[in-house]
Amino acid sequence: MEELQQVKEQIKNFVIECDDKKSLELLDLLATGKMLRSKLILKIAGINQETIKLCAIVEMIHAASLLHDDVIDEADTRRGKPSINALFDNKTSIMFGDILYSKAFTELTKMDKEVAYTVSNAVTLLSIGEMLDVDLTETFNTSYDKYLDMIYKKTASLIEASAKSAAILAGCDKDKYALYGKNLGLAFQMIDDILDITQDSKTLGKPAMLDFVEGKVTIPYLLLHERIEDKKRLESLYKKPLSSDESSWIKEQMISTNALQDSILEAQKLGKEAILAVKDEQNESLVQIMAAMIEREF
């Protein structure tokens, strides 16, 4: 996509303006993902100077949160490439994240006031979400509401803000687009959590079923814990490296209790609600973005 290349150029120009050689070197080492938030903004508000800048700001914020996230999770890869904290150290990763955050905020001050508020407020939520995520790994979380609140703040809030901000720039119904973005974000995270169980390590680019080992009780585990007879056995496997027998047992239980299938249905329900929110907006590509995500092989 040529427009995503424009977004990357804009990010580079913003970093050039920081006038710091090391920051530019670090930017080149960042692994770029699918740029879902940019695609969303451009599909809603079209391609112009203002929307490309908004995309760059949101992508910088997202990248900064991942730089910090990799330090928190002690991750040495990001999207199949070595992470900045693995290539350099934690301090470099944190400081580079801070540079991207603060430059993004500097550029936000030049934008429409409501857009600036929407995006910066989402960054507060995102940061609280990060903290909730860490807190929830302390003990085996059995609360679906806590899980939902955490994934809303950590993942969905910035996607929601991207869609809402794009609608503000385009003069569309911001509430409809905000709801679309929120549900897209929730479904996106749930599906990510489900794929951690259903896909193999090679496809994921990280060990399969790593979430549970790292202390993350995601939706399939929550539903399984609710339904399973032997709750103690499941709890005993929490936060420990799983043998292939233990992994298989968890998977079998998820299938027999329908925890896995119902998790997929829950993510798809959120996706369909998102599509419903913008059904009158004549924006077929938003339907396609959502459909591609929820109608996949698990």
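The values are calculated or read from the model by the stated rules, or taken from the named source; none is laboratory data. These numbers were taken from a predicted model, which means no experiment stands behind them. Because the Cβ atoms are built from the backbone with ideal geometry, glycine has one as well, and the counts that use them run over all protein chains shown.
What number of residues within segment 233-247 satisfy the criterion of being surrounded by 15 or more Cβ atoms within 10 Å (Cβ to Cβ), among the hydroxyl-bearing types (Ser, Thr, Tyr) and either modelled with pLDDT of 95 or more or part of a loop (DSSP other than H, G, I, E, B) (or both)?
So the count comes out to 1.
Can you tell me which residue within segment 248-284, out of those that are at pLDDT below 90 and in a helix (DSSP H, G or I), is farthest from the chain's Cα centre (by Cα)? Even if it seems obvious, please write down each step before you answer.
Of the residues in segment 248-284, the ones at pLDDT below 90 are 279-284.
Checking which are in a helix (DSSP H, G or I) leaves us with 279-281, 284.
On the way: 279: 24, 280: 27, 281: 25, 284: 23 Å.
Among them, the one singled out is 280.
Pick from segment 84-116 the residues that are among the hydroxyl-bearing types (Ser, Thr, Tyr) and touching a residue at least 24 places away in the same chain (Cβ under 8 Å): which of them is surrounded by the fewest Cβ atoms within 10 Å (Cβ to Cβ)?
That would be 92.
What helices (runs of 4 or more DSSP H) lie completely within segment 123-222 and have 1 or more residues being more than 12 Å from the chain's Cα centre (by Cα), modelled with pLDDT under 95 and under 25 Å from residue 41 (Cβ atoms)? Quick ask: steps written out before the conclusion?
Values: elements: 144-151, 157-170, 174-198, 201-204, 210-213.
By residue number, 174-198.
Checking the condition at pLDDT 90 or above and among the small types (Gly, Ala, Ser), which residue from 31, 75, 86, 63 passes?
63
Any residue in segment 228-255 that's closer than 16 Å to residue 211 by Cβ and in the same structural domain as residue 215 (by TED's automatic domain parsing): show its pairings with residues that are small (Gly, Ala, Ser) and in a loop (DSSP other than H, G, I, E, B) at Cβ separation under 9 Å, as long as the two are six or more apart or on different chains.
238/215; 239/215; 247/208
When you scan segment 272-290, how many residues do you find that are farther than 20 Å from residue 45 by Cα and of a type in the set (A, V, I, L, M)? Walk me through it before giving the result.
Looking only at segment 272-290, we keep the residues that are farther than 20 Å from residue 45 by Cα, and these are 272-273.
Narrowing the set further to residues that are of a type in the set (A, V, I, L, M) leaves none.
Here the count works out to 0.
Listed here are the residues, each with its yes/no results for (1) farther than 25 Å from residue 288 by Cα; (2) without any contact (Cβ under 8 Å) to a residue 24 or more places away in the chain; (3) assigned by TED's automatic domain parsing to the domain that holds residue 118.
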residue	(1), (2), (3)
18	yes, no, no
28	yes, yes, no
38	no, no, no
47	no, no, no
50	no, no, no
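In segment 148-179, what residues are touching a Lys or Arg at 6+ places or on another chain (Cβ under 9 Å) and of a type in the set (Ser, Thr, Tyr)?
Selection gives 152, 157, 162, 165, 177.
Among the residues of segment 129-155, write down those that are closer than 18 Å to residue 67 by Cβ and touching a residue at least 12 places away in the same chain (Cβ under 8 Å). Walk me through how you get there before you give the answer.
Taking segment 129-155 as the starting set, the residues that turn out to be closer than 18 Å to residue 67 by Cβ are 129-131, 133-134, 154-155.
Residues satisfying the conditions are 129, 130, 133, 134, 154, 155.
Got a sec? Which of 219, 294, 250, 264 is touching a Lys or Arg at 6+ places or on another chain (Cβ under 8 Å) and buried (at least 18 other Cβ atoms within 10 Å of the Cβ)?
294
Just for segment 1-44: of the residues that are small (Gly, Ala, Ser) and part of a helix (DSSP H, G or I), which one is farthest from residue 157 (Cα to Cα)?
For segment 1-44, the residue satisfying everything is 23.
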